[in-house]
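The values are calculated or read from the model by the stated rules, or taken from the named source; none is laboratory data. Given the structure is predicted, the values throughout are model-derived calculations rather than measurements. No Cβ is skipped: glycine too gets one built from the backbone with ideal geometry, and neighbour counts run over all protein chains shown. Just the protein is used for accessible areas: all its heavy atoms, side chains included, with ligands, DNA and RNA removed. Shrake-Rupley method; radii C 1.70, N 1.55, O 1.52, S 1.80 Å.
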Amino acid sequence: MYIGRFAPSPSGPLHMGSLVAALASYLDAKAHNGLWHLRIEDLDTPRCDPKYSSQIQSTLSHHGLCWDGSVLLQSNRLHIYQRNIEEIVSESCGYYCQCTRKMIKDNAGVHPSSCKLNGHKSGAIRFHHFQQISTFTDRFKGNVAMDDSDTLDDFVLLRKDGIVAYNLAVVVDDISQHINHIVRGEDLLTTTPSHLALYKYFNQPAPSYAHFPVLKDHNGLKLSKQNHAPAICNQTPEHNLKLACQFLEIDIQSGQNSINGILNNAIHSWRLKHGLVDG
Ligand code: GLU
């Protein structure tokens, strides 16, 4: 059974780029007759706001993007991440790091790793990347090879400010929600080797990954909350969905003007585009 998800961070309202991400993961799940879960990745408390979490859910509902099951909030699962981090450290697969940004910058942007030997008991906690996985098959991009040393660095599991890092939480949650298909923007491609290393550590099968191109503004920057991408207007869901389909190169038959009509047509087109059996 296909189980997919959309995992937005509530650091702002949904914008066109995040609607594209929601739609791509939704269409892929529905084209496989699978489940589509919603997980709110609200760990970065200085940047996230609960008001955006409910706004995101409302925008998805206005666009007919109904998730299966209940919404998982990462902020309710801190004890689980904490337990995993303690276990990783106790098995000597994680270590405390007090390196500053400057030390990393001075080391060509790569974490120097010398702190591994210092035996500190405070600071950030990094994953000891024993067996780096630098190549993987992406369903949309084919074979991907990463050779940037920073991509394959010992990544952070717990930040210096005590906030659980995205890389740890995303894998812990994808495993516990039995997610076996991940469809997300290619801005997250470079995090995939770290995620694959954690699947290996947890002795769990890795999901299938598919990364699609992200929407950029006219300056070539990824549409994002940081770049002040405008919020989606809930009054024009049909128009927004059509625009998102256009970006994903999904044809919608003319005459489809209802949300359901557009989504059903988009699922059909997604199947054709990705060589999936219709039905
Ligand atoms: N929460 C991440 C974001 O909003 C997405 C996580 C993922 O899809 O792996 O960029």
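Data for the structure
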{"read-out": "Selection from Pro46, Ser113, His128, by position along the positive dipole direction of the range 28-156 (Cβ)", "value": "Pro46"}
{"read-out": "Exposure ranking of His228, His63 by accessible area [1.4 Å probe, largest first]", "value": "His228, His63"}
{"read-out": "Distance from the range 137-205 to the range 1-43 (C-alpha centre basis), Å", "value": "17 Å"}
{"read-out": "Angle in degrees between helix 78-90 and the longest Cα principal axis of the chain, rounded to the nearest 10", "value": "40 degrees"}
{"read-out": "Glu249-Leu117 pseudo-label distance in nm [points 7 Å out on the Cα-to-Cβ vector]", "value": "5.1 nm"}
{"read-out": "Nearby lysines by direct alpha-carbon distance to Lys242 (threshold 25 angstrom, same-chain neighbours under 8 apart not counted)", "value": "Lys30, Lys141, Lys216, Lys222, Lys225, Lys273"}
{"read-out": "12 Å Cα-Cα reach of Lys51 towards aspartates and glutamates, excluding residues that sit fewer than 8 places from it in its own chain", "value": "Asp42"}
{"read-out": "Angle between the chain longest axis and helix 259-273 axis [Cα atoms, degrees, rounded to 10]", "value": "70 degrees"}
{"read-out": "Per-residue [θ]222 nm for the chain (sum of -39500 (n - 2.57) over DSSP H runs n ≥ 4, rounded to 500)", "value": "-10500 deg cm²/dmol"}
{"read-out": "Degrees separating the helix 16-31 axis from the principal Cα axis of the chain, which is the longest one", "value": "80 degrees"}
{"read-out": "For the range 165-224, size of Cβ-based charge dipole, Lys and Arg +1, Asp and Glu -1, in debye", "value": "80 debye"}
{"read-out": "Relative contact order (%) - the chain, alpha-carbon pairs under 8 angstrom, separation at least six", "value": "23 percent"}
{"read-out": "Of Ser90, Ser134, Ser11, the one that fluctuates the most in a GNM where the chain has Cα springs shorter than 10 Å", "value": "Ser90"}
{"read-out": "Selection from Gly185, Pro205, His195 lying farthest towards where the dipole of the range 164-279 points positive, charges on Cβ", "value": "His195"}
{"read-out": "Dipole moment magnitude, nearest 20 debye, the range 95-138 about Cα centre, only Lys, Arg, Asp, Glu C-beta charged", "value": "260 debye"}
{"read-out": "Hits among lysines - C-alpha to C-alpha of Lys121 under 19 Å, sequence gap 8 or more where chains match", "value": "Lys160"}
